[in-house]
Every structure is written in C-alpha cells, then in structure tokens.
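Visitor: After the structure tokens below, expect a handful of questions from me.
The values are calculated or read from the model by the stated rules, or taken from the named source; none is laboratory data. Just so we're clear, the structure is a prediction, and the values are computed from it rather than from any experiment. Using ideal geometry, Cβ is built from the backbone for each residue, glycine included, and neighbour counts are taken over all protein chains shown.
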Amino acid sequence: MGRYIIRRLLQAIPVLLGTTFLIFAIVYALPGDPVQALAGDRRVDPVFAAALREQFHLNDPLIVRYGYYVRDIFSGDFGQTFRGLPVSTIFEGKFQVTFKLAATALIIEAIVGVLFGFWAALRRGGWEDKAILAFSLLLVSVPTLVSGFVLQLAIGVKLKQLTGTQILPVAGVQDGLRSYLLPGFVLATVSIAYLTRLTRTSLMETLRADFIRTAVAKGLPRRRVLGRHALRNSLIPLVTYLGADLGTLMGGAVITEAIFNLPGIGQQLFQSVYLRENSVVVGIVTVLVLIYIVANLVVDLLYAVLDPRIRYE
Amino acid sequence: MRVTKGAQIVAGTALLALAVAACGGSSDSSGTGAGATAAGGNPNAVRVEIAEPQHDLIPGNTTESSGAEVLNALFVGLVDYDAEKKPYNRVAESIESDDQTTWTVKLKDGYKWHNGEPVVAQNFVDSWNYTANGANAQEGNYFFGSVEGYDELNPGEGKTATATTLKGLKVVDDKTFTVKLKNPFSGFPTMLGYTAFYPLPKAAFESEGKLKADYGGNPVGNGPFKISKPWKRGSDQTISLVRDDAFKEGKAKIDAVDFKIYTDLSTAFNDLRAGNLDIMDQLPPEGIATAKNEFGDRYIEQPSSGIGYIGFPTKSGAEYAKNADVRKAISMAIDRKTITEQVFSGTRVPADDLISPVVSGYRQGACGEACTYDPAKAKQLFDSAGGGKMGPIELGYNADGGHKEWIEAVANNLRTNLGVEVTPKPVEKFASILDDLGDRKWSGAFRMAWLMDYPSPENYLRPQYGTGGSSNYSEFSDKKFDELVTKGDAANSLEEGIKFYQQADDMILKELPYIPVYFYQTNGAYSQHVKNVKIDPFERIDLFNVERA
C-alpha cells in the first residue's frame, strides 16, 4: 500500500510538468501582448514596457521562460503579476473560498443525488422514478447562469422583501457557511442529475447480481440486503465520479462565483486570462492539477476499502 | 488621453461585465472583509458598491472610477465641482493668473492631514512631481503634460530624463505655490479637482520622490474620511473608512463608509434590493427598468461625461472616410434614438454635440441636421456624393467591450438607409485599433469614445481634433480650429473662452471626422437608509454630504 502511494506520487511529477508546460505554452501563445493588456486601452510607455519585458523574461524563448518558472516554483515562489502583486497574495484565501464552495456542492450532490437515485432504483418504473427522471432532466437543462440568478433573486431578494429576514444571503462570504449554501446548490445542480442517474443504473445492476439473490435467499432482512450488499457494491462508480467532480467543481466555479460574488479562484482565473496575467493562470492550474491528482489517488485507494477484492501492491 | 472602451458600463452579456469588472478580491469566511453585515464591520457604515481598484490607493496612479471613488472620500483637492459642474475652491483660497500661464495657488488655513499635520503647498508640489515623473509609471502622468518641465521628466523612448521635478512648480511659502504652464490655459482651475491633482503628505514618502511601499494600502489623506483598517488589494473585499472628526469643513453626516467590492453589477444590484448595500452609482442595464419602479425617487439618472462616436481616418483612410458629405450622410442615417433605447436600454441618450452636457459650453442640438435621423435626405446626400461607388464601409470595434450590438445596429441602419454594403470588423482589443490608427494602417470607420479629464470644452476638442493632439486619430487638422481653441485657452476666464470653443466645435460638426452617436449616462440608485446622494461629473459620490435617512 505504502509503496503504491509513493509510486503514484512519483508518477504525478511528469504529469505536473507536462500539464504546466502545456498551459504555459498556451497562455503565452494567446494573441495580444501581456504588457499592453496591463495598460488597457492606452499605449504603454515604451521604457516601462521594456523594463517589464526584461523583468518577466518576455524576450527569452518559451522554454527558457518555463525553466525560470519551474525553478521559482520549486523554491515555493509563484512569481509576480505584471502589476507587481505576488501571485501568492492573490491566492490568499481564494483557494479556501473555492474549496468551501466545491465541498458544499459535493456534499449536496452526494446526499441529494444518491438519495434520489436510490429511491428511483427501488421504485423502478413507478411514478417516483418518472418524477425523479423528469426532475433530473430539468436540472441538467437549466444552465448555472440562469439557476444562479433566479435563485438569488427568489431567495436572496424576493423572500427577504416578503419576510423581512435574510434567510440566505444574496452574495458575498460574510455570513460564513450560510453564504455557501445557495451557490453550492447552484454549482451542484448538474452533478446532482448525473449522480441520480448513475446511482439508479448502478444500483439496479447490482440488484440483479447473483450475490443479492443469494442474500435474499438466505433470508437477510431487506434493509441489510440493500444497505450492506447492494448500495456498498454500487458505490464504486459513484466514488469515481465524485472524486473527479471535486476538481471539476473547483475549476468550473467561474460563473457561480461571479453571480454570488465569492472571491474564489474561478473568478480569479477568468480575470487573469482576460488581463493576460500568465503567472497567475499557470499558478492556479498547477494547483488544480495537484488537486486532481490527489483526488484521483484518494478515489483509487477508496476502491480497496469498498471492494476487498481490489488490492494494491 | 482618456479614450474608453466602456465595457464596464455596457455589459452586453453578464460574462462581459464580469470580464472587466472582475477584479478578484477576497476575504476569508470568518468575515474579515465583511463590511456592515451581521458578521461584523461597522454597523453604521454606509455601504457603497465599487469594482476592485486597479491599483493601490495612490491619487496619481488612479484614473479609473472605483479607485477614484474611494480616494474622493479620503482626500479633498484644491477645487471641487458644483451642481452646474463649475469648479469652486475647496483647499484653495484662490487660483489666479494674469496671463493664464503662470498660476498662483493660495491655500486655506485649517485643512489637516489625518495624522494631524497641516496641508501645505509643498504637499501639492511633492505629489505632482511624483506623478509627473515618468520613472514612477503613474497612470495620471499625462495630466501634467501642460506644465512646464514635463518633457524633461518624460523624454520619450530611449532618452534619459534630465530632471526629477517639474520646473514649472515653485513653492512660495507654506500657503502659496505657483504653476507655470507651457501655454496659456484659462481652464486650468477646472483640472484641479481631479484625483491626480490631490496632494500627498510628508508621511507618504520614504525619501524624496519615493513613496512608502505600504502607503497605497494605508493612505493618509486630508478628506472627510480616513481609512480605518489597511486595505490589502487582491484579497480584501471591503475598504473601510471612518469619519475624520477633525475635518475642517465640519463632520460628515455619516459615521463610516464601507466600499464593497463586487465583480458583477447584477449581483450588487440584488444586494441593493435586498438591503445589503446602500449606494450604487452604476446599474446593470437589465436592472434599469426595475430600478425606476422599485426605487422611485431614490433612482438617479443624469448625464455623464462620456461620448460614443463613429470615427474616420480622414486623411489616410478609405474614400468614404475622406469625404465629408459621405460622413454627414452616414451620420444622418443612424437612428440614435432607437439605438439608445433598444440596444442600451436607456443607459445612453442620443448625442447632439461634440461637447458633453456635463460641461458648460454644451449646446443642445448643436449638431443640428447632421445628427437628426433622416433616411431620405441621408440617401440623397450619400448618392450625390458618390458614396455608392466607394466600396463597402468597414466598422471597426473592440470585441471585448460589449460594442457588438450597437455597431451591428449602426451597420443595419446604413445598409437599409443608404443601400451600402457594411462590414462590422471586430478586433480583440481596442488598443490594436488605436495602434493601427496611430500607424496610419487603419482605413475604415471605427468606434471611439471619450471620457473627460476635466470639465472644460477644451478637453473634448484639442486632444481629439487639434493638430498633433494626443488622441487625434481622425487626422483632422485645421489651423483655424487650432487658433480658435488657443484663443479660448487664452481668454480671461473660462466663460469668455467658451464662445471660441463653441466656434471650434462648429467647425468639427461641419466636417464630422467623428460622428457623435450617444452620450453616456450615470444610472444609480440608493437604499432607504440614506438620502442626499449626489454624483459629480466624474461619477464620484459626494459622501461628505450623504445623510442617514
């Protein structure tokens, strides 16, 4: 087990180098001059521009610049933006915000998705199953942009105007965990639908398996059959999905963060791409890749827990 | 120059608004930057919406509206602007000149920095020298271009500066300093209320000509409010100010101000509606109709300084760009009213002058027939000028600023009314259009916009149409025009100068190197917790006079 983890972590190094280099190459290949982007619509002072180019090695070939970047990363330095802010300052607190948002979404989707899927599988073909199917279709088809604004308006503004109390805040992170409930739900909507369908299919397949028939035949109580045997054995695809989804949620929270004014990395990423703050973009992506790698590793390790037949050596 | 791409205000789509306004900002969940909400902050603070300032809070480095908003509460300048947009003295006792070239500025007694030191003439000179010094790369640098000695500080590419201070600035005594301009300019006092002309205290400087690194996050100002907690750009989501009780003009009527940073106007507007925000001086276009109904007399609608144009390279451009009659025909074929109402949902008004309604010197309907929608006449003029044989008309615009919709609308107007082929041409960044224009490589028409630097008609004329003007992209050049503007500058007062400026304005309106299409508007609203909310021509809120309701 230990050796397996070490091997996986070692494998992460080339993955990390490869992805960061790709991103690095892509952001620098974007049309437009990052130094010009800094000045907005005015022409940049040539002396100032030359100094910046020198400082950020913009005159060197791509591979050399990447070398500088990797060197700095290994000494724990994510570099600076063109406006002179250290990238680590920009990160401060932002990953926390996004992580909290993603975790809230993940918990919501896991609970709601698995419950609905479970229920639908048990009532296969019944009206509950059909209702859940319709509901999940609705969730997938409404984009976050719409559901976000609608829920914000309905719960944040209208409900407040009606009742006089702010049940869930409109925007911002000032109300602690409460601030994350609405955006977390919005972010989770699409995944809830997937997870519902996934749970339903997976559970239905397991219910047809031989060992379930055996369990029923040997007279185990229904609760034990479903909980212990069926559900647990249906969890593997769900865990895989949830693990991969953590990364997706963290990287894909741009719109949700914008609507709810959550100062997370999604917003930062979008803005940095726009402003051509390449160091920030590469920095964020590096961390996101790390999160993906760790999440995948955890998922793989969980397989062994869920299914004792799976061994790692 | 203050050419604007205006994306912040236009916001064609929610994501576009996000693109420019999106300025990060952060606070952890424990609510350090929380503002006046349940989780802490000053419960009496008036909460004002801003986008994240692009730079630290340094007056000379702030030319965008969010930073200027905050600095306007922290600082007072030599002059301010009254309801008629005319400058009146604030820190200045008098600003006088015999020849409109050498100006003597006398300061009032009693203005103090937040650290207790008196505001002296040297503070202004130090600040202006710092901003004017090209080596400091301050955004407001160009404001000092008219002061003697500017060129020595900003020698241009490849040359070294031969001075570190403006030789046109001289301190006479603690309360007096003189400013020598390169050329006479009667409108000089109108410039002095802008952010870039605020003074800086001794405490701001580490050594002569060098600012302390932390000053911009924890500025010491001379205004009605002082910063209550250092602001960390990039991570704090709120900038908190409290009243300075020692302020010379009296205490502000509110205890504190929290500037809350939003990346999306629609979100801020929802917070305003839910009562979590008090003042917005800019509304999302889709919220205007709601705001009118919901806020009633707490809804603000007033002209702002911006003008949107369609411009032409009149010397090096295509045939149609060179022909004044064709330009006039194009102007008459644009349905300004429908565009401002439909495309901009009322956040713009049809333009009828090249001088904005916010400055004295604007004349309603100055553009006359040329800016009046008349498809039949336009077609007639277009055909008689031979416009049909001049090939397709190109309309360049920057794709990142929400301009597609109105440019397309103009293109449709021209297609329908003039029967001409029109190709809208999106370009990634506005700067690339400007670069091409600067290099005389752009041949078609292009969108253009202008925000004033100071409320004088001169600012709408010389930089854009004067020979060698800093933003003269139309290549318009006429000796008579230059003379008229210079006469206006040399007049004994701003009022006397206006008639010359208006004559110059008329010359441009005849030639139409730029077709005025719309004036920008300020649309704001405020909560029922506050009253007496006034917005100045720079779109800054007069927080000193805001009251609790």
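Visitor: So B:Phe382 ticks every box in (1) surrounded by 23 or more Cβ atoms within 10 Å (Cβ to Cβ); (2) under 21 Å from B:Leu451 (Cβ atoms) but one. Which box is left unticked?
Guide: (2)
Visitor: Does A:Thr214 satisfy the condition of being within 20 Å of A:Ala110 (Cβ to Cβ), in a helix (DSSP H, G or I) and more than 14 Å from every other protein chain (Cβ to nearest Cβ)?
Guide: no
Visitor: Looking at B:Ile393, is it over 30 Å from B:Gly497 (Cα atoms), in contact (Cβ under 8 Å) with a residue 40 or more places away in the chain and hydrophobic (A, V, I, L, M, F, W, C)?
Guide: So B:Ile393 fits the description; yes.
Visitor: Separate question: For B:Ser360, indicate whether it is of a type outside the set (D, E, K, R), surrounded by fewer than 24 Cβ atoms within 10 Å (Cβ to Cβ) and in contact (Cβ under 8 Å) with a residue 60 or more places away in the chain.
Guide: Values: of a type outside the set (D, E, K, R): yes; surrounded by fewer than 24 Cβ atoms within 10 Å (Cβ to Cβ): yes; in contact (Cβ under 8 Å) with a residue 60 or more places away in the chain: yes.
In short, yes.
Visitor: Checking B:Lys210 against (1) modelled with pLDDT of 90 or more; (2) surrounded by fewer than 18 Cβ atoms within 10 Å (Cβ to Cβ), which single condition isn't satisfied?
Guide: (1)
Visitor: So which of B:Met452, B:Met507 is aliphatic (A, V, I, L, M), within 30 Å of B:Asn323 (Cβ to Cβ) and either without any contact (Cβ under 8 Å) to a residue 12 or more places away in the chain or assigned to a loop (DSSP other than H, G, I, E, B) (or both)?
Guide: Of the residues listed, the single one that is aliphatic (A, V, I, L, M), within 30 Å of B:Asn323 (Cβ to Cβ) and either without any contact (Cβ under 8 Å) to a residue 12 or more places away in the chain or assigned to a loop (DSSP other than H, G, I, E, B) (or both) is B:Met452.
Visitor: Go through (1) surrounded by 22 or more Cβ atoms within 10 Å (Cβ to Cβ); (2) modelled with pLDDT under 90; (3) touching a Gly at 6+ places or on another chain (Cβ under 8 Å) one by one and return the number of the condition B:Asp264 breaks.
Guide: B:Asp264 satisfies all of (1) surrounded by 22 or more Cβ atoms within 10 Å (Cβ to Cβ); (2) modelled with pLDDT under 90; (3) touching a Gly at 6+ places or on another chain (Cβ under 8 Å) except (3).
Visitor: Can you pull out the residues in the range B:125-159 that are within 18 Å of B:Leu78 (Cβ to Cβ) and at pLDDT 90 or above? It would help to see each step written out before you state the result.
Guide: Taking the range B:125-159 as the starting set, the residues that turn out to be within 18 Å of B:Leu78 (Cβ to Cβ) are B:125-132, B:140, B:143-144, B:146-147.
Correct list: B:Val125, B:Asp126, B:Ser127, B:Trp128, B:Asn129, B:Tyr130, B:Thr131, B:Ala132, B:Phe144, B:Val147.
Visitor: Determine, yes or no, whether A:Gly252 is closer than 21 Å to A:Val27 by Cα, more than 10 Å from every other protein chain (Cβ to nearest Cβ) and small (Gly, Ala, Ser).
Guide: yes
Visitor: Assess whether B:Pro516 counts as being assigned to a loop (DSSP other than H, G, I, E, B) and either touching a residue at least 24 places away in the same chain (Cβ under 8 Å) or closer than 22 Å to B:Pro455 by Cβ (or both). Show your work before the answer.
Guide: Working: assigned to a loop (DSSP other than H, G, I, E, B): no; either touching a residue at least 24 places away in the same chain (Cβ under 8 Å) or closer than 22 Å to B:Pro455 by Cβ (or both): yes.
No; evaluated as a whole, the condition is false for this residue.
Visitor: Let me ask something else. Of the residues A:Val273, A:Val305, A:Val280, which single one is farther than 29 Å from A:Leu177 by Cβ, part of a helix (DSSP H, G or I) and either within 14 Å of another protein chain (Cβ to nearest Cβ) or modelled with pLDDT under 85 (or both)?
Guide: A:Val273
Visitor: Within the group B:Leu192, B:Leu166, which residue is without any contact (Cβ under 8 Å) to a residue 60 or more places away in the chain, under 28 Å from B:Ser493 (Cβ atoms) and surrounded by 16 or more Cβ atoms within 10 Å (Cβ to Cβ)?
Guide: Among B:Leu192, B:Leu166, only B:Leu166 is without any contact (Cβ under 8 Å) to a residue 60 or more places away in the chain, under 28 Å from B:Ser493 (Cβ atoms) and surrounded by 16 or more Cβ atoms within 10 Å (Cβ to Cβ).
Visitor: Filter the range B:405-439 for residues that are in contact with a Lys or Arg (Cβ under 9 Å, 6 or more places away or on another chain), assigned to a helix (DSSP H, G or I) and within 14 Å of chain A (Cβ to nearest Cβ); which is farthest from B:Thr347 (Cα to Cα)?
Guide: Only one residue fits best here, namely B:Gly438.
Visitor: When the range B:284-331 is examined, which residues are found to be in a helix (DSSP H, G or I), crowded, with 24+ Cβ neighbours inside 10 Å and aliphatic (A, V, I, L, M)?
Guide: B:Ala321, B:Val326, B:Ala329, B:Ile330, listed by residue number.
Yes/no matrix, rows are residues, columns are (1) without any contact (Cβ under 8 Å) to a residue 12 or more places away in the chain; (2) within 14 Å of another protein chain (Cβ to nearest Cβ); (3) closer than 27 Å to B:Leu509 by Cα; (4) not aliphatic (A, V, I, L, M):
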| site | (1), (2), (3), (4) |
| --- | --- |
| B:Ile261 | no, yes, no, no |
| B:Ala268 | no, yes, no, no |
| B:Asn276 | no, yes, no, yes |
| B:Met280 | no, yes, no, no |
| B:Gly296 | yes, no, no, yes |
| B:Tyr309 | no, no, yes, yes |
| B:Phe312 | no, no, yes, yes |
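Visitor: Have a look at A:Val298, A:Val280, A:Val289 and point out the one that is of a type in the set (Val, Ile, Thr), out of contact with any helix residue (DSSP H, G or I) (no Cβ under 6 Å at 6 or more places or on another chain) and either buried (at least 19 other Cβ atoms within 10 Å of the Cβ) or outside the structural domain of A:Asp175 (by TED's automatic domain parsing) (or both).
Guide: A:Val298
Each row is one residue, and each column tells you yes or no for (1) within 14 Å of another protein chain (Cβ to nearest Cβ); (2) in contact (Cβ under 8 Å) with a residue 12 or more places away in the chain; (3) closer than 25 Å to A:Thr256 by Cα.
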| site | (1), (2), (3) |
| --- | --- |
| A:Gly76 | no, no, no |
| A:Gln80 | yes, yes, no |
| A:Leu85 | yes, no, no |
| A:Phe95 | yes, yes, yes |
| A:Phe99 | yes, yes, yes |
| A:Ala102 | yes, yes, yes |
| A:Ala110 | no, yes, yes |
| A:Phe118 | no, yes, no |
| A:Ala121 | no, yes, no |
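Visitor: Of all residues in the range A:144-183, count the ones that are of a type in the set (Val, Ile, Thr), part of a loop (DSSP other than H, G, I, E, B) and more than 9 Å from chain B (Cβ to nearest Cβ).
Guide: Of the residues in that region, 2 qualify.
Visitor: For the range B:83-98, give me each residue that is outside any loop (DSSP other than H, G, I, E, B) and without any contact (Cβ under 8 Å) to a residue 24 or more places away in the chain.
Guide: Answer for the range B:83-98, where residues must be outside any loop (DSSP other than H, G, I, E, B) and without any contact (Cβ under 8 Å) to a residue 24 or more places away in the chain: B:Tyr88, B:Asn89, B:Ser94, B:Glu96.
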